[in-house]
Ligand SMILES: [Zn+2]
């Protein structure tokens with residue numbers, strides 16, 4: 001298959017879009033920290049911090065792919081894109097994050113992967129395809145937290161489960177997590193919220 005010249009390809013523009021998308025996702029998760037901190041959800045703060053770091057690392061992968069493949073020392077790319085801005089509660093932020101993750105998983109990255117294949121960039125297509133699993137994982141986290149916050153059940157369960165303090169590691173069973181950790185006295189917001197597992201990698 002003849003490769004489309006990189007600098008004239010749609011793939012380079014899609015790499016640029018992916019870089020911008022994940023950079024702004026990284027910023028958005030970073031901004032969510034303000035809200036999780038305000039509510040004293042320390043465990044959620046760790047979660048959005050991690051999500052932010054990961055998005056920036058993903059952005060770096062796409063950035064590097066552009067850098068590695070261009071022949072000129074510098075280029076300027078134009079890619080028209082739209083980005084949402086909203087007033088949102090913390091629960092809504094998680095819900096929007098879930099929506100964005102599923103859109104990236106189901107539409108954006110599959111489309112970029114298809115174009116990269118058509119243009120003869122198989123390795124780049126593979127990178128886009130890896131994003132399906134990454135975004136699926138993110139979706140699972142975000143939707144779980146969104147649902148729990150919406151129903152005011154971040155630390156409540158219908159059945160007794162094991163809760164774990166993320167600060168000291170203390171564990172105990174109950175339908176609801178403790179208000180204050182009996183061992184380290186840290187507040188409920190430090191208790192780990194379990195995300196239901198889905199088998200990610202087929203055997
Ligand atoms: Zn503790």
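The values are calculated or read from the model by the stated rules, or taken from the named source; none is laboratory data. None of the values given here were measured: they were computed from a predicted structure. Cβ atoms come from the backbone with ideal geometry, glycine included; neighbour counts cover every protein chain shown.
A few notes on this one:
- Residue match in region 80-87 (condition: surrounded by fewer than 16 Cβ atoms within 10 Å (Cβ to Cβ), touching a residue at least 40 places away in the same chain (Cβ under 8 Å) and at positive phi): no
- Remark: residue 167 matches the filter, which requires a residue to be touching a helix residue (DSSP H, G or I) at 6+ places or on another chain (Cβ under 8 Å), farther than 20 Å from residue 35 by Cβ, within 16 Å of the ligand (Cβ to nearest atom) and at pLDDT 95 or above.
Here is a yes/no grid of residues against (1) touching a residue at least 24 places away in the same chain (Cβ under 8 Å); (2) over 30 Å from residue 113 (Cβ atoms); (3) more than 10 Å from the ligand (Cβ to nearest atom):
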position	(1), (2), (3)
138	yes, no, yes
142	yes, no, yes
150	yes, yes, yes
153	no, yes, yes
171	no, yes, no
177	no, yes, yes
185	no, yes, no
191	yes, yes, no
